[in-house]
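In what follows, a structure is listed as structure tokens, so that the remarks can point back to it.
The values are calculated or read from the model by the stated rules, or taken from the named source; none is laboratory data. Predicted, not measured: the structure shown is a model, and the values here were computed from it. Cβ: placed from backbone, ideal geometry, glycine included. Neighbour counts: every protein chain shown.
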Amino acid sequence: MNITIERVRHPHEDERVTSLINKLNQSLISISGNDGTRNASIDDFTHEKALFIIALSGEDAVACGGFRPLLPQICEVKRMFSLKKGKGLGLKILSTLEIAAKQFDYQQIYLETRKTNENAVAFYLKNGYKIIENYGIYIGREEAVCFSKKLS
């Protein structure tokens with residue numbers, strides 16, 4: 001599968017992004033009963049130190065993800081999703097975000113997922129993320145599991 005990665009500067013105006021996010025929301029509802037929209041707005045990715053990307057297979061958007069500033073040296077990965085499971089798209093998106101985060105001068109990445117999202121938990125652990133204490137809005141939320149990775 002030939003994949004290209006494209007930055008989307010105005011994700012809220014891009015129908016490809018909207019379609020992927022709608023599918024992500026439905027997937028999250030089936031996994032955890034919550035679509036995650038309360039914790040991440042697509043507008044969060046228009047900040048100057050934020051990034052949103054999509055993976056394209058030909059003309060078709062097949063995966064997405066982004067990061068937004070959390071603290072001056074820490075960004076937060078949000079809205080990671082792939083239509084095609086087991087094809088390496090998640091790793092391609094995550095690796096691209098990690099490289100870009102370094103270029104934005106971030107030193108660390110944080111993220112959150114639900115404990116019931118076992119595939120996501122295993123994916124992040126496999127790719128060098130460590131479980132940390134819940135941060136920010138996730139403090140005290142038993143259903144949440146938070147991760148961190150230092151960028152080197």
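Within the option set 92, 126, 84, being more than 14 Å from the chain's Cα centre (by Cα) and touching a residue at least 24 places away in the same chain (Cβ under 8 Å) holds for one residue only, 84. For the residues 79, 68, 114, the requirement of being basic (Lys, Arg), touching a residue at least 60 places away in the same chain (Cβ under 8 Å) and crowded, with 16+ Cβ neighbours inside 10 Å singles out 114.
The rows are residues; the columns are (1) over 14 Å from the mean Cα position of the chain (by Cα); (2) closer than 19 Å to residue 23 by Cα.
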site	(1), (2)
51	no, no
55	no, yes
73	yes, no
130	yes, no
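Would you confirm, using the coordinates I've provided, whether residue 84 is surrounded by fewer than 20 Cβ atoms within 10 Å (Cβ to Cβ), out of contact with any helix residue (DSSP H, G or I) (no Cβ under 9 Å at 6 or more places or on another chain) and assigned to a loop (DSSP other than H, G, I, E, B)? Yes: the conditions hold for residue 84.
Listed conditions (1) within 21 Å of residue 2 (Cα to Cα); (2) assigned to a loop (DSSP other than H, G, I, E, B); (3) of a type in the set (Gly, Ala, Ser) are all met by residue 90, apart from (2).
Reported count of residues in region 98-152, each being over 22 Å from residue 83 (Cα atoms) and in a loop (DSSP other than H, G, I, E, B), is 16.
Checking each residue in region 113-124 for being touching a Phe, Trp or Tyr at 6+ places or on another chain (Cβ under 8 Å) and modelled with pLDDT of 95 or more picks out only 124. Residue count for region 40-65 satisfying the condition of being at pLDDT 90 or above and surrounded by 18 or more Cβ atoms within 10 Å (Cβ to Cβ): 11.
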